[in-house]
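Peer 1: Below: one structure in structure tokens.
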Amino acid sequence: ERVVAGYENRIRAFSSPEKIFQYFASEKRGGEAFMTPQDFMRSLTPAASKEEKGDGKVLLSPAAQRLFSLVDLNGDGLVSFHEYLFFMTLISVPQHKFRLAFAVAG
């Protein structure tokens, strides 16, 4: 498990968003990969909660559930690559760039 955790940390730190998404996405539908809420949290945090409920799924905190619902733009309970990329782009933009963009637009 420690070897896997080290590998996943390197994936998060040094890989492209496409590779990160493909590594952590566990659902496949119509040939397209999707992330479950648990996959999404694992893609972001090395120490995602390991607390499980009876069916073996990892429980998410209320804050994690709210974050997932913001990223899951179409509300289908899964995150597509496009939703993931949109979220990752937003969190990588410095706050002052948002202020500048809205100042120019307004």
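Peer 1: Where nothing but the Cβ of Lys and Arg (+1) and of Asp and Glu (-1) is charged, how large is the charge dipole of the chain around its Cα centre, in debye to the nearest 20?
Peer 2: For this selection, approximately 380 debye.
Peer 1: Roughly what would the spin-label model give for VAL4 and LEU70, points 7 Å off Cα along C-beta, in nm?
Peer 2: 2.9
Peer 1: Over the chain, what percent of the accessible surface lies on carbon and sulfur atoms, probe 1.4 Å?
Peer 2: Looking at the chain in its full context, I get 59 percent from C and S.
Peer 1: Another one. Lys/Arg Cβ at +1, Asp/Glu Cβ at -1, dipole of the chain taken about the Cα centre: which of ALA101, ASN74, PHE87 is farthest positive-ward?
Peer 2: ALA101
Peer 1: Which order do you get for VAL79, VAL93 if you rank them by accessible area with a 1.4 Å probe, largest at the top?
Peer 2: The residues order as VAL93, VAL79, largest area first.
Peer 1: For the chain, what size does the Cα cloud have along each of its three principal axes, sorted from largest down, in whole Å?
Peer 2: 51, 31, 30
The values are calculated or read from the model by the stated rules, or taken from the named source; none is laboratory data. Everything quoted here is computed from the prediction, not taken from an experiment. Cβ: placed from backbone, ideal geometry, glycine included. Neighbour counts: every protein chain shown. These area figures cover heavy atoms from the full protein model, side chains too; ligands, DNA and RNA do not enter into them. Shrake-Rupley method; radii C 1.70, N 1.55, O 1.52, S 1.80 Å.
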